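The block underneath contains the structure these notes are about, expressed in structure tokens.
Computed from the coordinates by the stated procedures, all read-outs in this text should not be read as laboratory data. On a predicted model such as this, the values are computed, not experimentally measured, just so you know. Cβ placement follows ideal geometry from the backbone for every residue including glycine, while neighbour counts extend to all protein chains displayed.
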Amino acid sequence: MDTAKYGPCDIASYIARLRAEGELLAGAAELAGFDAPVPACPDWRVRDLLKHLGYVHRWAAGYVREQHARWVDRASEAEILRGGPADEALAGWFRDGHAALVRALEAADPGMTCWTFLEAPSPLAFWARRQAHETAIHRVDAQQAAAGAGVAGEPAFTPRFAADGIDELIMGFLGRDAERGS
């Protein structure tokens, strides 16, 4: 893969974006309240959003820390949403998982190997980019929930980061589906 065409940011920039987006998401979720509806995710409340992303962060950190060479089965979305901590512990649990992912990415050897599901110059580049975008999109979800509760949020994204997210979607996810024939 031509690494010059892989996203506009270096790994450290993606990790910094991940850190900032997670902090903004947690703050917006607390402002919205855990029972607030998430407009872009029908049938979800903010608590569901935090459980989903908190689980995803832990799942991704496991690949980076433990360098799993293959897919590691994970809980279904229904199991994730039924489980997790109670509301009084949810924000702290989310923040702990987010911080653990950031630390795992920061500490990872650039030459480490592990499973990924999209093409990337390295597994570290993949996980940093994927989690930065995953967290950023869900930060907007939390802010929309907060806006529904009458709370304004941060601006969406820089044009460069937004374009990179669109590139990941079109060149990564949509290309992956086309390769599978689905």
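Quick one: Karplus J couplings for region 80-87, per residue in order, coefficients 6.51, -1.76, 1.60, θ = phi - 60°, nearest Hz, x for Gly and Pro?
Using θ = phi - 60°, the values come out as 4, 6, 6, x, x, x, 6, 3 Hz.
Among TRP115, TRP71, TRP59, whose mean-square fluctuation peaks in a Gaussian network model of the chain (Cα, cutoff 10 Å)?
TRP71
Compute for region 59-120: radius of gyration divided by Kirkwood radius, i.e. Rg/Rh, restricted to C-alpha atoms, rounded to two decimals.
1.03
Over region 42-161, what relative contact order in percent results from Cα pairs under 8 Å that are six or more residues apart?
Answer for region 42-161 is 29 percent.
Which is farthest toward the positive dipole end of the chain among ALA146, LEU169, HIS68, measuring Cα position about the Cα centre, with Cβ charges +1 (Lys, Arg) and -1 (Asp, Glu)?
The one lying farthest along the dipole's positive direction is HIS68.
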